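Presented below is the structure to which this report refers.
The values are calculated or read from the model by the stated rules, or taken from the named source; none is laboratory data. Here the structure is a predicted model, which means the values were calculated and not measured. Using ideal geometry, Cβ is built from the backbone for each residue, glycine included, and neighbour counts are taken over all protein chains shown. Just so you know, the surface numbers come from the protein's heavy atoms only, side chains and all, with ligands and any DNA or RNA stripped out. Shrake-Rupley method; radii C 1.70, N 1.55, O 1.52, S 1.80 Å.
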Amino acid sequence: MRALIVAPAGESTRVASQRLHDVGCTEVVVAATSDEAMATARARRQDLDLVLLDLELADSDALVVCRRLASLLGGVPIVACSTRATDDAMKLAYEAGAHDFVAKPFADHTLDLRARAALRIREERVKRDQREGRLADWANQLERAKRQLESAVVIDPLTGVGNRRHFDTLLAAEWRRAARVGATVSLVLFDIDNFHAFNEHYGHIGGDACLARVATTLAHGLRRASDVIARYGGEEFVAVLADTDAHGACVVAERLRAHVEAMQIPHAGSEPTKLLTLSAGVATKSATVDSPARLVAAADAALYRAKHDGRNRCRADGLDANRVEIVRMPWPRCPVVVLDPVLVQRVPSFLEETHAELATLRDADHAGLRTALSRIERAGSALGFEDLVGLVTEVEGSSGRGDRDAVLAAVDKLAWYVTHVQVVYRKTLAVAAAD
Ligand code: GH3
Ligand code: MG
Ligand code: MG
């Protein structure tokens, strides 16, 4: 234990120093002036356990020094001492941050007992801080492990793109969003051609490396932030294309097919190109009248046709993909927010709850509005919807001014945002391209 005595040099200070030694302080530093005291406290703030402060410092106001020491040293107890042990003096010392007060001259054992009690408190505080530090470390480690686990649940480890489970959740979420806004969802199923023969010829390790390369090419070939690629299973991949019609989906499918062919990965067992290629099946359904299962089945049937027609080509449900003209489609100007895939379970319910809550807010009073808005802002910011802050502020500002029309317009704007926002669950790809 280490102590700092702030007191003018003299007999009383020498006695105090001896008593602090006697109660277990292995080191006692004496500072005779306030500057010296602050300098020592700053230099030794990590290893001081007790301060004895004489309130009759000659060079400055001891209560000011007491306050500064208390704020600098945090949990280190300060025992004030003075020859003027009046109620007022004690009250002022406690208010300035002192932990205890001892009258001077020190009566037999008084200082020893008080110093011992203060050191015990200090010891308890140090132990408590260490316990809390350990708990905080555990909590951080747990949080990290939880994130890794959540990520492992949705990311395919071989290819780095989303896995089948992620695809299922994502399609359900996108379907619900598309149903809200009356949009279509397109799906492209890709299947590598003759991959069984590839494995037989180049071995499974070569096959695995090839799958990772194809996944990277497919993921990088997507241009809209809202398009997502996932591993559907084995050597099959799937792209979910939001707000994309059948023509647009065929254009994307054909572009990705061509990208994979352009990689020129040798495939001895694949006729006639002798290159690794893939086939694609495209389907588009309206979210208001169809179902995700029927969308997948239609894409699967189209993929079967692509294989049947000779592989290395795209076929679309109800369309001849080879005759599709490339037309410029206006991209609906929905806000896009890119979020971590681990949030895929939480975000849709947040958006739906907020959508429902906003519908009830048109008749709410100022207080009701504030409560609901602060919940929306807090929950939205925690998930990563940064635009919500500005939109909520706009409603609050209008409400504060008592401008009813502006409040309704701002609530409508907020409702439009949560209805239309396009959430993309994507991690930055870190898949190394293997040779
Ligand atoms: P098709 O052109 O008709 O699609 O022929 P295919 O041989 O690709 O089709 P099939 O579905 O019969 O075979 C898929 C093969 O993909 C089976 C297996 O050898 C291979 N495969 C599936 N998953 C993996 C994987 O994770 N790693 C490797 N290396 N190969 C895989
Ligand atoms: Mg297959
Ligand atoms: Mg195949």
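Some observations on this one:
- Length gained on full extension, Arg370 to Tyr304, computed as 0.36 nm times the residue gap minus the Cα-Cα distance: 18.2 nm.
- Normalised per residue, the accessible area of the chain is 50 Å², obtained with a 1.4 Å probe and no contribution from ligands, DNA or RNA.
- 5 angstrom amide H check on Leu50, placed H, neighbours 5+ away: Arg2, Leu4
- Put simply, the amide H of Leu57, placed in the peptide plane, has neighbours under 5 Å in Ala62, leaving out anything fewer than 5 places away on its chain.
- Candidates per trypsin sites (Lys or Arg not before Pro) in segment 201-281, loop by DSSP, up to 16 other Cβ within 10 Å: Arg223, Arg224, Lys274
- Shape call, the chain: gyration tensor on alpha carbons, a/c limit 1.5: prolate
- Model label sites at Ala85 and Gln18, defined 7 Å from Cα along the beta-carbon direction, differ in position by 2.0 nm.
- Apportionment of accessible area to carbon and sulfur, segment 138-219, percent (1.4 Å): 58 percent
- Computed from the C-beta positions of Ala262 and Arg128, the FRET efficiency with R₀ = 41 Å rounds to 0.05.
- Put a dot 7 Å past the Cα of Arg255, heading toward its Cβ, do the same for Arg176, and the two dots end up 3.0 nm apart.
- Rounded to the nearest 500, the 222 nm mean residue ellipticity of the chain from helices alone is -18000 deg cm²/dmol, with -39,500 (n - 2.57) taken per DSSP H run of at least 4 residues.
- Under the simplified labelling scheme, the His220-Ser60 pair shows an inter-label distance of 6.3 nm, with each label point 7 Å from Cα along Cα→Cβ.
- Each of His247, Thr288, Leu383 was scored by the projection of its Cα onto the charge dipole of the chain, and the greatest displacement toward the positive side belongs to His247; charges sit on the C-beta of Lys, Arg, Asp and Glu.
- Between Arg144 and His355, the FRET efficiency estimated from the beta carbon spacing at R0 = 45 angstrom works out to 0.85.
- Max mean-square fluctuation residue, GNM over the chain, Cα-Cα springs under 10 Å, options Phe195, Phe101, Phe350: Phe101
- The magnitude of the dipole of the chain, with charges of +1 and -1 set on the Cβ of Lys/Arg and Asp/Glu and taken from the Cα centre, is near 520 debye.
- One decimal place: the segment His201-Gln345 gains 47.7 nm when fully extended, by the rule 0.36 nm per residue minus the C-alpha distance.
- Lys/Arg +1, Asp/Glu -1 at C-beta; the chain dipole; positive extreme among Trp138, Leu361, Ala197: Ala197
- Set of lysines near Lys307 by C-alpha distance (under 24 Å), chain-local residues within fewer than 8 positions excluded: Lys274, Lys285
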